[in-house]
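The values are calculated or read from the model by the stated rules, or taken from the named source; none is laboratory data. Remember, it's a predicted structure, so these values are computed and weren't measured experimentally. As a convention, Cβ positions derive from the backbone with ideal geometry for all residues, glycine included, and neighbour counts pool all protein chains shown.
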Amino acid sequence: MFKDYNDLSPVAIDCLKEIGNIGSGSAASALSSMLGKGIDMRVPDVRVLDYQHVIDEMGGPEKVITGILVRLSGDIKGMIMFLLEDSFARVVLDTFLDKHDVKVVALNETELSAISEMGNIMAGSYLQALSTLTGLTIDMSVPSMAVDMLGAIMSVPIIEFSQVGDKVLFINDGFVIDGVDIKSNIILIPEMESLNTLMEKLGVI
């Protein structure tokens with residue numbers, strides 16, 4: 001049994017990376033289907049990082065992004081958070097609402113709802129892939145969404161999961177839609193008991 005994220009073996013980390021790959025591919029496929037557009041997906045870069053490295057990796061605490069947070073329950077407890085840059089919002093709103101040159105800091109309720117719904121669909125697809133892979137039941141909350149500085153958005157998992165440790169599974173899975181480079185990141189934070197359950201199902205422990 002692993003006590004915290006620092007205790008993870010290389011095999012366990014490789015398994016988490018593969019989960020990241022599979023989940024990201026499923027989420028991108030769902031996004032492609034909803035938008036009615038082809039998506040060229042990069043091979044996700046999946047790492048176990050501490051919170052500060054995640055913030056640094058994405059451009060620093062003052063960078064404004066859209067965060068979509070989903071809490072997990074059932075066999076896996078924890079949270080998954082999508083960290084999306086302006087390019088994601090622009091493609092979604094251009095497709096569904098025929099809105100152009102939007103700024104995420106000045107979205108109205110309808111625009112925020114459209115982006116939140118896409119996050120909901122991506123999260124559901126991601127978790128369905130994980131459930132199918134492991135045979136575990138994973139339930140998800142209604143997503144909560146915020147447009148804020150990265151430091152403020154990351155403070156939620158930092159506070160809620162401080163007892164788990166300072167590490168998260170960080171997935172950099174950008175893709176290209178209609179020639180537009182979409183920067184997208186996911187952080188997955190299962191509680192330690194859930195992480196051990198996951199590792200047992202995958203035959204690591």
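Considering only residues that are free of Cβ contacts under 8 Å to residues at least 12 places away in the same chain and not acidic (Asp, Glu), look in the range 95-114 and name the one that is nearest to LEU150 (Cα to Cα). Show your work before the answer.
Narrowing the range 95-114 to residues free of Cβ contacts under 8 Å to residues at least 12 places away in the same chain: 98, 100-101, 106, 108-109, 113.
Imposing the further condition that a residue be not acidic (Asp, Glu) reduces the set to 100, 106, 108, 113.
Values: HIS100: 24, ALA106: 17, ASN108: 20, SER113: 20 Å.
Only one residue tops the list, namely ALA106.
Residue by residue through the range 135-165, note down the ones that are of a type in the set (Ser, Thr, Tyr), in contact (Cβ under 8 Å) with a residue 40 or more places away in the chain and either touching a His at 6+ places or on another chain (Cβ under 6 Å) or in a loop (DSSP other than H, G, I, E, B) (or both). Can you show your working first?
So the first thing to find is which residues in the range 135-165 are of a type in the set (Ser, Thr, Tyr), and the list is 137, 141, 144, 155, 162.
In the following step, the residues that additionally are in contact (Cβ under 8 Å) with a residue 40 or more places away in the chain were identified as 137, 141, 144.
Within the range 135-165, THR137, SER141 qualify.
What is the number of the single condition among (1) in contact with a helix residue (DSSP H, G or I) (Cβ under 9 Å, 6 or more places away or on another chain); (2) among the small types (Gly, Ala, Ser); (3) within 13 Å of GLY23 (Cβ to Cβ) that GLY151 does not meet?
(3)
List the helices (runs of 4 or more DSSP H) that sit entirely inside the range 1-120 and contain at least 3 residues that are crowded, with 18+ Cβ neighbours inside 10 Å, hydrophobic (A, V, I, L, M, F, W, C) and at pLDDT below 85. Steps first, please.
Working: elements: 10-35, 51-57, 86-97.
Qualifying helices (runs of 4 or more DSSP H): 10-35, 86-97.
Would you pick out the residues in the range 179-205 that are part of a strand (DSSP E or B) and charged (D, E, K, R)?
The first filter runs over the range 179-205 and keeps only residues part of a strand (DSSP E or B), leaving 180-182, 184-190.
If the condition is that a residue be part of a strand (DSSP E or B) and charged (D, E, K, R), then ASP181 is the only one that fits.
Within the range 166-186, which residues are over 23 Å from SER33 (Cα atoms) and either crowded, with 17+ Cβ neighbours inside 10 Å or without any contact (Cβ under 8 Å) to a residue 60 or more places away in the chain (or both)? Reasoning before the result, please.
At the first step, the residues of the range 166-186 found to be over 23 Å from SER33 (Cα atoms) are 166-170.
Within the range 166-186, LYS167, VAL168, LEU169, PHE170 meet the criteria.
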